[in-house]
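Presented below is the structure to which this report refers.
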Amino acid sequence: MLLTVDVGNTNITFGLFEGENLKHSFRMMTGTPRTSDEYGADLMGMLGHACVTSDMIEGVILASVVPGVMHALTGALERYAGKKPLIVGPGTKTGIKIVTENPREIGADRIVDAVGAYVKYGGPVLVMDFGTATTYDLIGADGEFLAGITAPGIKISAKALWEDTAKLPEIEIRKPDSILAQNTVTSMQAGLVYGQIGQTEYIIKKVKEEAGLDEMRTVATGGLGSIVADETDSIEVYDRMLTLDGLRFIYEKNK
């Protein structure tokens, strides 16, 4: 089996593949400080719940945007999973050619999403990841990483509302029944969710217009992506496991 690890700003997502099939996935919070042994204990507990032992793991691949967890996490993977992880970074074969001004500035998570979207859906494609930040990355017909747009994620915007104002409360992020809000909570939900939908539709429109790509595909992923994708025809596909699939494609290319 292949163990894929996506280290994001909010969660670390693990995926277990048997061939092309994702058999199990599980998460732990990124912000909780852990030693390598604590990572290992949590990992072995989750693997055990899936009836998977370390000797069943044939390879490990990892992409991270959080440098501070890497030493402990990679140590845990080597010690408890028994494999040195392939870490996505400069020199890793991906099949994506980055043609932006500073290729090394492109995060590993965005490269992995680009690979996943291009391999699964072809190009040109705009891949959107609704995570801690909301990112929009344009991949050309021949697999070129052409451009990227970065915006605050829904959770960042929500956190700014309730932390930087005196009276606004912490709320659940969900679409209210109507944009015509009648109370504080639904007014915040309406602004956050409908604001994200409007931003997404406008960015897609402008990317198509400036790139001259009317036939560009649009693919979304990320934990909050389904909230947006369900409410707009501008997004063709919501693929929750796109990043894990991208990691699998990169691992196979580098085997």
inquiry  = Based on this model, can you work out whether L247 counts as in the same structural domain as I156 (by TED's automatic domain parsing), in contact with a helix residue (DSSP H, G or I) (Cβ under 9 Å, 6 or more places away or on another chain) and of a type outside the set (G, A, S)?
reply    = no
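Residue-by-condition table, conditions (1) in the same structural domain as K155 (by TED's automatic domain parsing); (2) assigned to a helix (DSSP H, G or I); (3) under 24 Å from G143 (Cα atoms):
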position	(1), (2), (3)
P176	yes, no, no
I179	yes, no, no
I197	yes, yes, no
T200	yes, yes, yes
K206	yes, yes, yes
remark   = Counting only residues in segment 15-48 that are touching a Lys or Arg at 6+ places or on another chain (Cβ under 7 Å) and not in a helix (DSSP H, G or I), the one surrounded by the most Cβ atoms within 10 Å (Cβ to Cβ) is identified as F17
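May I ask you to say which residue of I197, I203 is under 18 Å from D239 (Cα atoms) and surrounded by 17 or more Cβ atoms within 10 Å (Cβ to Cβ)?
On the way: I203 fails: under 18 Å from D239 (Cα atoms).
Sole residue among the options that is under 18 Å from D239 (Cα atoms) and surrounded by 17 or more Cβ atoms within 10 Å (Cβ to Cβ): I197.
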ask   = Which of the residues spanning segment 131-150 are surrounded by 17 or more Cβ atoms within 10 Å (Cβ to Cβ), of a type in the set (A, V, I, L, M, F, W, C) and modelled with pLDDT of 95 or more?
value = L138, I139, F145, L146
request  = Working only within segment 89-106, note down all residues that are among the hydrophobic types (A, V, I, L, M, F, W, C), buried (at least 16 other Cβ atoms within 10 Å of the Cβ) and part of a loop (DSSP other than H, G, I, E, B).
outcome  = I96, I106
message = Condition (residue is among the charged types (D, E, K, R), under 30 Å from M216 (Cα atoms) and outside any loop (DSSP other than H, G, I, E, B)) applied to segment 72-85: is it met by at least one residue?
response = no
remark   = Checked against (1) closer than 18 Å to L244 by Cβ; (2) in contact with a helix residue (DSSP H, G or I) (Cβ under 9 Å, 6 or more places away or on another chain); (3) not hydroxyl-bearing (S, T, Y), E58 satisfies every condition except (2)
request  = Just give me the residues in segment 127-163 being within 14 Å of R217 (Cα to Cα), in a strand (DSSP E or B) and not β-branched (V, I, T), in sequence order.
outcome  = M128, Y136, D137, L138
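For segment 208-224, enumerate the residues that are part of a helix (DSSP H, G or I) and not small (G, A, S).
Step one: list which residues in segment 208-224 are part of a helix (DSSP H, G or I), which gives 208-211.
K208, E209, E210, listed by residue number.
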inquiry  = Quick check on segment 56-67. Is at least one of its residues touching a Leu at 6+ places or on another chain (Cβ under 9 Å), in a helix (DSSP H, G or I), surrounded by fewer than 19 Cβ atoms within 10 Å (Cβ to Cβ) and free of Cβ contacts under 8 Å to residues at least 40 places away in the same chain?
reply    = no
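The values are calculated or read from the model by the stated rules, or taken from the named source; none is laboratory data. All figures in this text were calculated on a predicted structure; none of them were measured in a lab. Heads up, the Cβs are rebuilt from the backbone with ideal geometry, glycines too, and the neighbour counts pull from every protein chain shown.
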